[in-house]
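The values are calculated or read from the model by the stated rules, or taken from the named source; none is laboratory data. Only a predicted model underlies this, so the values are computations on that prediction, with no experimental measurement involved. Methodologically, a virtual Cβ is constructed for each residue, glycine included, from the backbone with ideal geometry; neighbour enumeration extends over all protein chains shown. All accessible areas refer to the heavy atoms of the entire protein, side chains included, with ligands and DNA or RNA removed. Shrake-Rupley method; radii C 1.70, N 1.55, O 1.52, S 1.80 Å.
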Amino acid sequence: MAAVVSRVVLGICAALAVVGGAALVVMVVVYFGADQYVPELQVGGWGTLAGMCGLGVYVGGAFRAHLVARIGLGLGLAGAGYVASTIVASLVSLMADRGGPRGTLEDGTIGFIWVLAGAFLAWRAATGRWPVEQTAV
């Protein structure tokens, strides 16, 4: 039963990450293509948070360890994934002019990264041998 719940939670987090990340990518396309800022799409940032939670669930279920160690590892790697995506987005956004273009490009890059991560997590929730079967410790 726990495996089914884990797959459902991972699938929900993955779907939210894909939708939220896509909203941020659309925001960038509209900003640079139609020269219009759409602040309503900024809500896609919550999707990246859901992606981070999904990454934590995925990592926590992918290892055989004590429950506390799995939770700690999941939280640690989820935070590291978010920090890494923010650093990559900051580096990519240096290509844009300061101010609105740079900030919008950074948001869109984070969205694109979490769309890919969310798609991977959704694929793993739907197929494969995840989570790892736990044995009595």
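Just to check, using Stokes-Einstein with a Kirkwood Rh over alpha carbon pairs, what's the diffusion coefficient of the chain at 4 °C and 1.567 mPa s in µm²/s? Working shown, then result.
On the way: Rh = 15.5 Å.
For the chosen part, D equals 83 µm²/s.
Each label was represented as a point 7 Å from its Cα along the Cα-to-Cβ direction; for Trp46 and Val29 these points are 2.3 nm apart.
A 1.4 Å probe, protein heavy atoms only, puts the accessible area of Trp114 near 10 Å². Its relative contact order, with pairs defined as Cα atoms under 8 Å and 6+ residues apart, puts the chain at 39 percent.
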